[in-house]
Amino acid sequence: MIIKSFPAGNVAGALKLIKEELGDAAVILKTRVCTPSEMALTGSHVEVTACIDEKGIPVRKAKQVMPQISEKNNMKVKSVSSTTRKGNVKNAAQNDFAAKLEKKLDTILNAHHATEPVGNMDARLRSIYLNLLDADIPVEIARQQIKVMEGYLSFEDDIEQIALRILKNDFEESISSEISIEPGMKIVFAGPTGAGKTSALAKMAAYLSTQKGIKVTLASLDNVKVAAYEEISGYAEMLDVPLDTSGIPEKKYRKDSVLLIDTPPITIHEAMTSQLIDRIREIQPDMLFLVFSSCTRSRDLVDSIISYERIQPTHLIAGHLDESKRWGGILTMTKYLDIPLAYMSGNPGGVGMLEKPDAEKIARRIMKMGKTNDEQ
């Protein structure tokens, strides 16, 4: 078995390198975002680790040398070949060094939904696998799930029920334990445009003020979204809670109140992301909720992973659950960012409450196995 890592500027580039060197039979083991030091060293943003049995490595035909070539030209060819070899050695050394900087492998992930051959797959697993892909779970995560399930094929139990338990256990490991919010905390809500972060903030404010009896203060740093201030001002008025308009809420927050701070949207623009990171560092929040929409494709979520990681979120909130039947993005985010899922939100516009994630409910939705008891 040969295992090798391929740094590249993006996942597609790494997959191309894997195909060229290891062939179509290579199995993707891991995809991770490179650390800032690795990016500075190699210029690569992602690193994909793949493996293949030595027998499966494609045999490449040796290039034939033109028969009519002078001795002088032949020497030049040898010189170029020597230089090429040195370049390959240098690149290999850089790749090995980059790999050693991060020994811990992140979760298996690849955001490209390539057409997957299922002809050789056990018939009992085929429909499960296709359901995972249809739920927008990345190919490599789906493949990993199937590999685990294959170990249970010899059991007499219903393989679908086994698959449900496996997926449920995955989500249970990703769900945050009880979150404790106390007066004096500063909590930031961040996320891309339209993910529902302001609505999640409003729901959190309503829960704390009406059900827990904790004082809250709202604040917004969003100077990008049109009518952002008017929106959060409306929530403050409805809940009858203070609204900080100073622009520096972290300097004036009250120790007897929880400060909930809305932020500008996370984008792929470096300048805007850097400004947001600087403000978050100044605030020094006790918690940072990253809100994402379940309507966003897993591939698009992964494309923004680097930006998400840079703000250093502590918890995830999955929004817009009522607008999509495909919840694969939830598994993608928890696996790829390796931070707990804290809440789920199914009603936009600040209506309703933040829900505690239900591992079985999520697993059943992905497996297309009907409704849970509380949904019937």
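The values are calculated or read from the model by the stated rules, or taken from the named source; none is laboratory data. Note that the structure is predicted; figures quoted are calculated from it, not measured. A quick note on method: Cβ atoms are made from the backbone with ideal geometry, for glycine too, and the neighbour counts reach across all protein chains shown. What goes into the accessible areas is simple: the full protein's heavy atoms, side chains included, and nothing from ligands, DNA or RNA. Shrake-Rupley method; radii C 1.70, N 1.55, O 1.52, S 1.80 Å.
Could you tell me which of the residues G194, G184 is open to solvent by less than 40 Å² (accessible area, probe 1.4 Å) and either assigned to a loop (DSSP other than H, G, I, E, B) or among the polar types (S, T, N, Q) (or both)?
Numbers: G194 fails: open to solvent by less than 40 Å² (accessible area, probe 1.4 Å).
When all the criteria are applied, what remains is G184.
Listed here are the residues, each with its yes/no results for (1) among the aliphatic types (A, V, I, L, M); (2) over 20 Å from T35 (Cα atoms).
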{"site": "L260", "(1), (2)": "yes, yes"}
{"site": "P265", "(1), (2)": "no, yes"}
{"site": "I268", "(1), (2)": "yes, no"}
{"site": "E282", "(1), (2)": "no, yes"}
{"site": "M287", "(1), (2)": "yes, yes"}
{"site": "V302", "(1), (2)": "yes, no"}
From the list I261, I175, which one is among the hydrophobic types (A, V, I, L, M, F, W, C), in contact with a Leu (Cβ under 9 Å, 6 or more places away or on another chain) and closer than 19 Å to P357 by Cβ?
I175
Give me the residue from the range 166-181 that is outside any helix (DSSP H, G or I) and farther than 18 Å from Q211 by Cα and, out of that set, farthest from the chain's Cα centre (by Cα).
S177
I need the full set of residues from the range 311-336 which are among the polar types (S, T, N, Q) and touching a helix residue (DSSP H, G or I) at 6+ places or on another chain (Cβ under 6 Å), in order please.
T332, T334
For residues that are among the hydroxyl-bearing types (S, T, Y) and at pLDDT below 95, scanning just the range 209-218, find the one that is farthest from D278 (Cα to Cα).
T210
Grab the strands (runs of 3 or more DSSP E) fully contained in the range 1-94, keeping just those with 1 or more residues being open to solvent by 70 Å² or more (accessible area, probe 1.4 Å) and modelled with pLDDT of 60 or more.
2-8
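Which one of V216, V226 is touching a helix residue (DSSP H, G or I) at 6+ places or on another chain (Cβ under 6 Å) and either β-branched (V, I, T) or more than 11 Å from L201 (Cβ to Cβ) (or both)? I'd like the intermediate steps shown before the answer.
Details: V226 fails: touching a helix residue (DSSP H, G or I) at 6+ places or on another chain (Cβ under 6 Å).
The conditions single out V216.
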Contacts under 7 angstrom Cβ, first residue in the range 196-209 being within 13 Å of G352 (Cβ to Cβ), partner among the polar types (S, T, N, Q) and outside any helix (DSSP H, G or I), 6 or more apart:
G196/S293; G196/S345; S199/S345; A200/S345; K203/S345
When the range 132-157 is examined, which residues are found to be closer than 15 Å to I330 by Cα and open to solvent by 30 Å² or more (accessible area, probe 1.4 Å)?
L133, D134
Within the range 9-35, how many residues are farther than 15 Å from R143 by Cβ and over 18 Å from the mean Cα position of the chain (by Cα)?
8
For I330, which of the numbered conditions (1) aliphatic (A, V, I, L, M); (2) under 30 Å from S209 (Cβ atoms); (3) surrounded by fewer than 20 Cβ atoms within 10 Å (Cβ to Cβ) fails to hold?
(3)
Test: A98 is farther than 24 Å from K16 by Cα and either modelled with pLDDT under 55 or open to solvent by less than 30 Å² (accessible area, probe 1.4 Å) (or both)
no
For the list (1) at pLDDT below 90; (2) assigned to a helix (DSSP H, G or I); (3) over 15 Å from N169 (Cα atoms), I need the number of the one condition that G370 fails.
(2)
Mind listing whichever residues of the range 219-264 are at pLDDT below 90 and of a type in the set (D, E, K, R)?
D222, K225, E230, E231, E250, K251, K252, R254, K255
Do we have I162 as buried (at least 22 other Cβ atoms within 10 Å of the Cβ) and part of a helix (DSSP H, G or I) here?
no
